[in-house]
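Colleague: Would you mind keeping the following structure in view while I ask a few things?
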Amino acid sequence: MSFRFQRRIRIAPGLNLNLSKSGVGLSAGVKGATVSAGKRGLYGNLGLPGTGLSYRSKLNKHESRRQPTPATHLKNYLEAGNELAVRVFVESDGDVTIQGMHGEAFNDSELSVIRKYLGDTIRNALVSHCEVMNSSLEELKNIHKGTLPASNHPNYEPRPFENPKPSQSKPLSYGLLGFIWPPQKRRITELNQLIEKENIAALKRWNSEKKKHFELEEKRKKLETEDIFESQDALAAVLEYYLSDIEWPIETLIDFDFGDDSSTVAIDIDLPTEDQFPDIEYKVPGRQLKISRSRSNTTKRRGMYRDYAHGVALRIAGLIFNHLPPVNACVISAYTQSDEDDVYLYSVIVHRDEWEKLDFGSWNESEPVTLFDHFTFARNMTKTGIFKPVTPLNIDSLS
């Protein structure tokens, strides 16, 4: 039986990013105090944390014939140590747009003040985001660090039902009018009946979903703890489940076939080519408030590609020997697609007893390329990480 599936995750999809779903709030100064600017002027907002009380006052009201500009009010406000909450967005070209928390636009003078007094805060947020974006590239290099050790018994882990129980809407109060005016009482009674009906329906749906979840968990438990010892279809279902559960940092396609006695499995990994591999790094240049993109040099990109290509095989082998006790050996081959034919980069045979001898305590400190030395493999790779085509090993080689 042959089964193909795929899990697509795009890494660093352009630069059109928000620092959070609704923008990041950057603040400096006194907690609870904000200032907002709009067409009607500049307003100060003071909230007393924990009390629910707030005060709002126009800052640029007519105090004299010659009013200070909103930018001057903003400057004085920030110099006094007050807080300004803003939202920061990065455009596709890396430039930064700064708005008020409710989408208010600032004029050039106000933006100049904001950059002067909040520039370091905003820049630190941009630097932190670049680190997150660049850490995604590190995941490519370190994909093997999630590798599991061998286990001779099933490792079923139940998944909790995470949907929260629906809150029940409270019935409406009749109030004084409801007690003295029958039509009002009938109306509120009808509304409360509708509310109660919806409460019952919502709870029923939740209980149904909860029941279905645990029924599926019971089936999965039986599949992983009993059926895998009897059925090749069960082995395939469990392997598919755990392979699809891995969040590959780049599109990685996998085929697999079990041997006749289910003790062996062959894996084919469809990798992107090196020139398709992500190589963009992000940084905040100098003291600027923007994000720039630059390409990694060829050596660094090739090293990441080499480590990912090997790390994927190790990650899959660990999954097989941890969750599929009946499997004693696997052959894992990686290839890239070309216009003429598939080009295989390597092929490695791993036996369970070899896997059990590995020291997983030092696993994270080892490079995935050197870990292949523990096994039988076919690979023609230069010292600089350039792969040359090889003939893959087949499942008959496992015996």
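Colleague: Tell me, yes or no, whether the range 308-318 has at least one residue that is under 24 Å from SER262 (Cα atoms), part of a loop (DSSP other than H, G, I, E, B), modelled with pLDDT of 90 or more and not assigned by TED's automatic domain parsing to the domain that holds VAL88.
Modeller: No - not one qualifying residue is present in the range 308-318.
Colleague: Still on this model: Would you be able to say whether some residue in the range 292-306 is of a type outside the set (Phe, Trp, Tyr) and closer than 24 Å to HIS351 by Cα?
Modeller: There is at least one residue in the range 292-306 that is of a type outside the set (Phe, Trp, Tyr) and closer than 24 Å to HIS351 by Cα.
Colleague: Looking at VAL390, VAL331, VAL348, can you tell me which residue is in the same structural domain as ILE269 (by TED's automatic domain parsing), of a type in the set (Val, Ile, Thr) and outside any strand (DSSP E or B)?
Modeller: It is VAL390.
Colleague: Further, regarding this structure: List pairs: first in the range 154-171 and surrounded by 11 or more Cβ atoms within 10 Å (Cβ to Cβ) and of a type in the set (A, V, I, L, M, F, W, C), second modelled with pLDDT of 90 or more and outside any loop (DSSP other than H, G, I, E, B), Cβ under 8 Å, 6+ apart or cross-chain?
Modeller: From residues that are surrounded by 11 or more Cβ atoms within 10 Å (Cβ to Cβ) and of a type in the set (A, V, I, L, M, F, W, C), the pairs are PHE161/GLU209; PHE161/LYS210; PHE161/HIS213; PHE161/PHE214.
Colleague: Tally time: how many residues in the range 254-293 are more than 30 Å from ASP93 (Cβ to Cβ) and aromatic (Phe, Trp, Tyr)?
Modeller: Result for the range 254-293: 2.
Colleague: Let me ask another. Please go through the range 129-169 and pick out each residue that is among the basic types (Lys, Arg) and modelled with pLDDT under 90.
Modeller: Those that are among the basic types (Lys, Arg) and modelled with pLDDT under 90: LYS141, LYS145.
Colleague: Would you check which residues across the range 241-282 are touching a strand residue (DSSP E or B) at 6+ places or on another chain (Cβ under 6 Å), surrounded by fewer than 19 Cβ atoms within 10 Å (Cβ to Cβ), of a type outside the set (A, V, I, L, M, F, W, C) and not in a loop (DSSP other than H, G, I, E, B) and list them?
Modeller: Listed by number, the residues that qualify are SER244, ASP255, ASP257, ASP270, GLU281.
Colleague: Among the residues of the range 113-145, what is the count of those that are of a type in the set (Lys, Arg) and either within 16 Å of ARG87 (Cβ to Cβ) or exposed (fewer than 13 other Cβ atoms within 10 Å of the Cβ) (or both)?
Modeller: 3
Colleague: Quick check on my filter: what residues within the range 176-212 are small (Gly, Ala, Ser) and either part of a loop (DSSP other than H, G, I, E, B) or in contact (Cβ under 8 Å) with a residue 12 or more places away in the chain (or both)?
Modeller: The one that is small (Gly, Ala, Ser) and either part of a loop (DSSP other than H, G, I, E, B) or in contact (Cβ under 8 Å) with a residue 12 or more places away in the chain (or both): ALA202.
The values are calculated or read from the model by the stated rules, or taken from the named source; none is laboratory data. Nothing here was measured: the structure is a model prediction, and the numbers come from that model. Note that we place each Cβ from the backbone using ideal geometry, even for glycine, and neighbour counts take in every protein chain shown.
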